[in-house]
């Protein structure tokens, strides 16, 4: 029972981080219908900018986060303006390929400035751990859950309450109709990329705190695919449910089956769920007519 | 893909269905045939290795293009199917004591069956949801290969003896060139002809509008599963060729990176075009080699920063793909078409 | 108009690339008398293992620069053909073929991927091959006649680790083996089990695969805990091993990590921080702080270039001495006036007797029956962020 509780806690915290990393995908897809394969490299850049601001330039961690966010916004806007905008109207799969090329550029850029050796950021999340009912969970994990919860709630509110959030949903729904009522689709696209980059910075910093700063962080971008698809490509609450389901599945299968099964169980469950709900748990069902 | 090029007019269906319409195309066929026959005598052994890798990539890329380009089912599972082909041919040859041609043929069949199996989610899923389901098939196949010790030998590599047929040992790249080139040409011919048949046309109908296709009487279920099977058969062939050509089978060769590379090949080459698969394979396999050379030049010109060269190479690789697609999102085949049109209508613009 | 412009630009880009290609690989300079001796190097400088692949590759290059600056081998220089293959098998094959074309006499490889992919080819082309993949399957000349394993094999490291554990525990104990889910990771697992049975050690033994890209290994540690494990042997690289160390500290588990060589380095200590203290490392190459006399040349060479050995770490020395062993084989040929070719180099390495590494490793010696360079390895304990020696020459 203790073990179950332990696994559940870690599954939840992993799920929170997964949801945070997945949020970037959803933001971009929701507004621009592009799947961004470079999302993992956005995480990487976020983590390295934070590391550089804190250790190389010696800023306080709160300031380092602000710098990370600023760089992320700039990066997101630049990428949208110079790489994605020329691709508007092209085949979705060609756009995917462009983001794959972009990931190579970003990864090479990080290597150019920081080399290949993994870095350690000083811990800024609280250290030590909490004992609950026999299970031990580090404070940093609890903090990760809390941060993810705050960010995800903020985005849910953003989409339901704020003008810009509603504009983004309108663009996602119908670009031409949005244009006719005076929404600047370009600005919405830029906003979506900037916001996605910002969530990646937060995710990257959290991940860096748990595993160290290295090129391996980029691989996390692929890990979250099942999460996004499970929740539904265009649903913010979907990422939370998807993240938690996958996080728990991985922990339970690692804890109770082992032998590397945790690497495939999420995928098997994913296919099973998709066979019943082809647009994910919360994704918008498209009704097709000829 | 337009069914016919602009500026070429047909009077009968038979003439439209012909593979080659103009005299220039016939001349090109002769040139290509000459090139294929003389190439191994012209290039250095180093480039021959690359040419052989390209040949195998052509087979795999045509398979993937049938699925993605012609049938519209995005797949991130090509690496997994290559692995099935490589492992089944190696195991059938070593454990089943079958001659290599038989083991390759059986490997192609096995991969087709497994491909059809993993194509079942395509009956419900579309677009990116399907892409991720095929990503799942990739992960499941590689996991099976790694853990099914009794059959695959687990994570250890399988070592294969040099191919020997009728007393002749295929030792060098030069010998292998003829096998690989033969299969690549076969893949091109079968690929081209597939889309002159009713089945091939039904693939395209499903891609363009599956509901309309089913209203026209096309069995969408059957078509999609068949597309997966045929596409995987090509992948199985490419995998089996890789296994016997390199003499070693390890799952590390068939990771997700390979699936992405194959996707890149057909996108850069041109979706829904057999010729595009060839152009893409040439481009994407040669690019790293060219970048390596570029890195060597860079290193000698800029020796104080030699440590930065690998990073620059990675950036250049990404940048070439990004710029290429921004300039021509429909790939190399489209560039070729436009050049042909330009020449055909010269001095008129259109 | 716009379309034509696009075409022109795309063509220009393609043409630019083709021009770079036209140079073609340079003509070889391999075995002729008096000229430089060419050696092909496959390095991972930007791929999955670039974090440790970079210092290893720099060590190879550093050694050759140092050797050439000090007169080469009897006046003949070594010429390195060094390229990044990004841990991609197909790229490794391309480069290998390029090196063969450039008449190299031997190949310095790197990881499991390239070593496995090329082991048949090097035998066929008769090119001695050394790499940092120490799988025991590579030491039998009957199977892989041209592969030479310079350091203690993974299996021997595992045996040493198990012997040490048995001694440290004073008898009965439980061992959990955490390994990378790959040929590299699984390589010593079965041999460890066999060793326990053969030597009748009173150790329980279970293996656990470490999925890549995990942010924690709490579930695996939970299973190890229910097994009753007191020792965790890790066959993986430093980053994930450091996560295991942190998890053990956070969970207040009473487990001691025993790292095999790929997580026994400064990186593990740096990434795990305080959590690294008290864990044990099996490492065949002496770390920079060990004071082994063989480290001086490398340290001086790096200082002359404005670096330091402490900064580069022990993987630099690993590359340095792997190259040294190969160079000694070539020296043997040059001094005897034998032509430097692959088969001759193989024979020289097998017959020339032990190569002294100044205490960095045990003397490296190959024979026609075995291509296992050394049996023993050092054992270290992490204390206050430094590697302290527990045993200098532990042999299985």
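Take residue A:196 and decide whether it is buried (at least 18 other Cβ atoms within 10 Å of the Cβ), within 13 Å of chain C (Cβ to nearest Cβ) and in a helix (DSSP H, G or I).
No; evaluated as a whole, the condition is false for this residue.
Among (1) closer than 22 Å to residue C:314 by Cβ; (2) assigned to a loop (DSSP other than H, G, I, E, B), where does residue C:103 come up short?
Answer for residue C:103: the failing condition is (1).
With the checklist (1) in contact with a helix residue (DSSP H, G or I) (Cβ under 8 Å, 6 or more places away or on another chain); (2) under 28 Å from residue C:194 (Cβ atoms); (3) outside any loop (DSSP other than H, G, I, E, B) in hand, flag the one item residue C:393 doesn't pass.
(1)
Farther than 14 Å from residue C:324 by Cα and within 12 Å of chain B (Cβ to nearest Cβ): is that true of residue C:48 in this structure?
yes
Each row is one residue, and each column tells you yes or no for (1) out of contact with any strand residue (DSSP E or B) (no Cβ under 8 Å at 6 or more places or on another chain); (2) within 30 Å of residue C:250 (Cα to Cα); (3) modelled with pLDDT under 90.
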| site | (1), (2), (3) |
| --- | --- |
| C:271 | yes, yes, yes |
| C:274 | yes, yes, yes |
| C:290 | no, no, yes |
| C:303 | yes, no, no |
| C:328 | no, no, no |
| C:343 | yes, no, no |
| C:367 | yes, no, no |
| C:370 | yes, no, no |
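Quick one: is residue B:263 under 23 Å from residue A:222 (Cβ atoms), in contact (Cβ under 8 Å) with a residue 60 or more places away in the chain and either outside any helix (DSSP H, G or I) or at the interface with another protein chain (Cβ under 8 Å from one of its Cβ atoms) (or both)?
Yes; evaluated as a whole, the condition is true for this residue.
For residue A:276, indicate whether it is more than 26 Å from residue C:178 (Cα to Cα) and without any contact (Cβ under 8 Å) to a residue 24 or more places away in the chain.
Judged against the criteria, residue A:276 is a match.
Please state which of the following conditions residue A:116 fails to meet, knowing it meets all the rest: (1) under 19 Å from the mean Cα position of the chain (by Cα); (2) buried (at least 22 other Cβ atoms within 10 Å of the Cβ).
(1)
Quick check on my filter: what residues within region A:227-241 are assigned to a helix (DSSP H, G or I) and either under 12 Å from the mean Cα position of the chain (by Cα) or away from chain B (no Cβ under 12 Å) (or both)?
Passing the criteria: A:227, A:228, A:236, A:237, A:238, A:239, A:240, A:241.
Here is a check on your reading of the model: is residue B:211 surrounded by fewer than 16 Cβ atoms within 10 Å (Cβ to Cβ), within 12 Å of another protein chain (Cβ to nearest Cβ), out of contact with any strand residue (DSSP E or B) (no Cβ under 6 Å at 6 or more places or on another chain) and assigned to a helix (DSSP H, G or I)?
yes
Suppose we filter B:283, B:324 for residues that are within 7 Å of another protein chain (Cβ to nearest Cβ) and in a helix (DSSP H, G or I); which single one remains?
Matching residue, one of B:283, B:324: B:324.
Here's the yes/no breakdown for (1) surrounded by fewer than 22 Cβ atoms within 10 Å (Cβ to Cβ); (2) modelled with pLDDT under 85; (3) part of a helix (DSSP H, G or I):
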{"residue": "B:72", "(1), (2), (3)": "no, no, no"}
{"residue": "B:75", "(1), (2), (3)": "no, no, no"}
{"residue": "B:80", "(1), (2), (3)": "no, no, yes"}
{"residue": "B:84", "(1), (2), (3)": "no, no, yes"}
{"residue": "B:102", "(1), (2), (3)": "yes, no, yes"}
{"residue": "B:130", "(1), (2), (3)": "no, no, yes"}
{"residue": "B:181", "(1), (2), (3)": "yes, no, yes"}
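Going through region C:243-268 one residue at a time, which ones are on the phi < 0 side of the Ramachandran plot, within 12 Å of chain A (Cβ to nearest Cβ) and more than 19 Å from the chain's Cα centre (by Cα)?
C:243, C:244, C:245, C:246, C:247, C:248, C:249, C:250, C:251, C:253
Determine if region C:150-160 includes at least one residue that is in contact with a strand residue (DSSP E or B) (Cβ under 9 Å, 6 or more places away or on another chain), in a loop (DSSP other than H, G, I, E, B) and without any contact (Cβ under 8 Å) to a residue 40 or more places away in the chain.
Within region C:150-160, none of the residues are in contact with a strand residue (DSSP E or B) (Cβ under 9 Å, 6 or more places away or on another chain), in a loop (DSSP other than H, G, I, E, B) and without any contact (Cβ under 8 Å) to a residue 40 or more places away in the chain.
Okay, residues lined up against (1) more than 14 Å from chain A (Cβ to nearest Cβ); (2) surrounded by fewer than 18 Cβ atoms within 10 Å (Cβ to Cβ); (3) over 25 Å from residue A:85 (Cβ atoms):
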residue: B:268; (1), (2), (3): no, no, no
residue: B:289; (1), (2), (3): yes, no, yes
residue: B:292; (1), (2), (3): yes, no, yes
residue: B:295; (1), (2), (3): no, no, yes
residue: B:306; (1), (2), (3): no, yes, yes
residue: B:329; (1), (2), (3): no, no, no
residue: B:337; (1), (2), (3): yes, no, yes
residue: B:342; (1), (2), (3): yes, yes, yes
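Does residue B:196 count as within 22 Å of residue B:68 (Cα to Cα), away from chain A (no Cβ under 14 Å) and surrounded by fewer than 18 Cβ atoms within 10 Å (Cβ to Cβ)?
So residue B:196 fits the description; yes.
Go through region B:104-128 and give me each residue that's more than 14 Å from every other protein chain (Cβ to nearest Cβ), surrounded by 23 or more Cβ atoms within 10 Å (Cβ to Cβ) and closer than 19 Å to residue B:206 by Cα.
B:115
Could you please let me know if residue B:132 is out of contact with any strand residue (DSSP E or B) (no Cβ under 9 Å at 6 or more places or on another chain) and either free of Cβ contacts under 8 Å to residues at least 40 places away in the same chain or away from chain C (no Cβ under 14 Å) (or both)?
Spelling it out, residue B:132 is indeed out of contact with any strand residue (DSSP E or B) (no Cβ under 9 Å at 6 or more places or on another chain) and either free of Cβ contacts under 8 Å to residues at least 40 places away in the same chain or away from chain C (no Cβ under 14 Å) (or both).
Cβ-Cβ under 7 Å, sequence separation 6+ or interchain: first residue in region C:128-141 and farther than 17 Å from residue C:262 by Cβ and within 13 Å of chain B (Cβ to nearest Cβ), partner at pLDDT below 90 and assigned to a helix (DSSP H, G or I). Which pairs?
No pair meets every condition.
Given the condition within 14 Å of chain A (Cβ to nearest Cβ) and part of a helix (DSSP H, G or I), answer yes or no: does some residue in region B:245-256 qualify?
The answer is yes; a qualifying residue exists.
Taking region C:357-378 as the search range and keeping residues that are more than 17 Å from the chain's Cα centre (by Cα) and in contact (Cβ under 8 Å) with a residue 60 or more places away in the chain, which one is surrounded by the most Cβ atoms within 10 Å (Cβ to Cβ)?
Taking the candidates together, the pick is C:366.
Report yes if residue B:189 is part of a helix (DSSP H, G or I) and crowded, with 24+ Cβ neighbours inside 10 Å, otherwise no.
In short, no.
Looking at region C:254-264, is at least one residue within 26 Å of residue A:137 (Cα to Cα), modelled with pLDDT of 90 or more, out of contact with any strand residue (DSSP E or B) (no Cβ under 6 Å at 6 or more places or on another chain) and surrounded by fewer than 22 Cβ atoms within 10 Å (Cβ to Cβ)?
yes
Here is a list: A:68, A:76, A:40. Which entry is assigned to a helix (DSSP H, G or I) and under 12 Å from the mean Cα position of the chain (by Cα)?
A:40
Tell me yes or no: at least one residue of region C:123-134 is closer than 24 Å to residue C:231 by Cβ, within 23 Å of the chain's Cα centre (by Cα) and crowded, with 24+ Cβ neighbours inside 10 Å.
yes
Could you list all residues from region A:57-86 that are surrounded by fewer than 16 Cβ atoms within 10 Å (Cβ to Cβ) and modelled with pLDDT of 90 or more?
Answer for region A:57-86, where residues must be surrounded by fewer than 16 Cβ atoms within 10 Å (Cβ to Cβ) and modelled with pLDDT of 90 or more: A:63, A:66, A:70, A:74, A:78, A:81, A:82.
The values are calculated or read from the model by the stated rules, or taken from the named source; none is laboratory data. Worth saying up front: this structure is predicted, and the values here are computed from it rather than measured. Virtual Cβ from ideal backbone geometry, glycine too; neighbours counted across all protein chains shown.
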